[in-house]
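Okay, structure first, notes after.
Read the figures in this text as sums done on the coordinates, not as results from a lab. Source: prediction; values computed, not measured. No Cβ is skipped: glycine too gets one built from the backbone with ideal geometry, and neighbour counts run over all protein chains shown.
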Amino acid sequence: MIMRSSSILLFLSLIMAIGLASDDAAAAMGKDGKMIIVPDYVEAEKRITSGDLNGAIGLLQSTIRYYPGHASAWNLLGYVHRRLGKFDAAEKYYDAALTVNPNHIGALNYMGQLFIQTGRPEKAKALVVRLKTACKSGCKELDELQKAVDTGIAGKY
């Protein structure tokens with residue numbers, strides 16, 4: 001089930017306010033403030049790598065149910081939905097990832113790829129600018145999105 005965009009943003013704003021967001025992709029902050037590995041997220045990554053996109057969805061949803069401040073899980077939900085051609089859902093999930101972590105380099109890149117795929121290159125260019133700030137010394141995500149903007153062709157990932 002996809003939450004409404006405004007509901008996601010409100011919920012994530014609350015999560016950010018109480019400090020449950022994490023920068024570590026496979027980990028989340030537990031209630032005791034310690035970082036813990038999230039097995040469902042790790043398994044979802046494995047499924048995505050093996051091409052089982054649909055199999056990853058439930059695992060990612062489970063991750064965000066228990067760790068709603070897990071920006072990387074929101075990002076991968078966006079990625080999976082984008083790869084499945086569900087662009088509206090993908091955009092909502094990328095928005096959620098960027099609400100949790102406005103400098104999430106994966107979400108900035110993937111959202112930009114989505115914008116290229118859906119004919120919104122100006123929005124993708126704006127994300128290149130944000131990636132330049134997030135990746136001060138450069139990163140592959142910036143290179144990938146810049147290439148997509150320059151060629152008008154989204155990456156095949």
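Spin-label point model (7 Å from Cα, Cβ direction): what's the Lys147 to Asp52 distance in nm?
So the two model labels end up 2.9 nm from each other.
Highest mean first, what order results for 67-75, 111-119, 127-135 on Cβ atoms within 10 Å?
Working: 67-75: 26.6, 111-119: 21.3, 127-135: 17.0.
Ranked by mean Cβ neighbours within 10 Å, highest first: 67-75, 111-119, 127-135.
Sort Tyr66, Tyr110, Tyr157, Tyr41 by Cβ crowding within 10 Å, fewest neighbours at the top.
Tyr157, Tyr66, Tyr41, Tyr110
Residue by residue through region 62-69, what is 3J(HN,Hα) from phi via Karplus (6.51 cos²θ - 1.76 cosθ + 1.60, θ = phi - 60°)? Round to whole Hz and write x for glycine and proline.
5, 4, 6, 5, 8, 9, x, x
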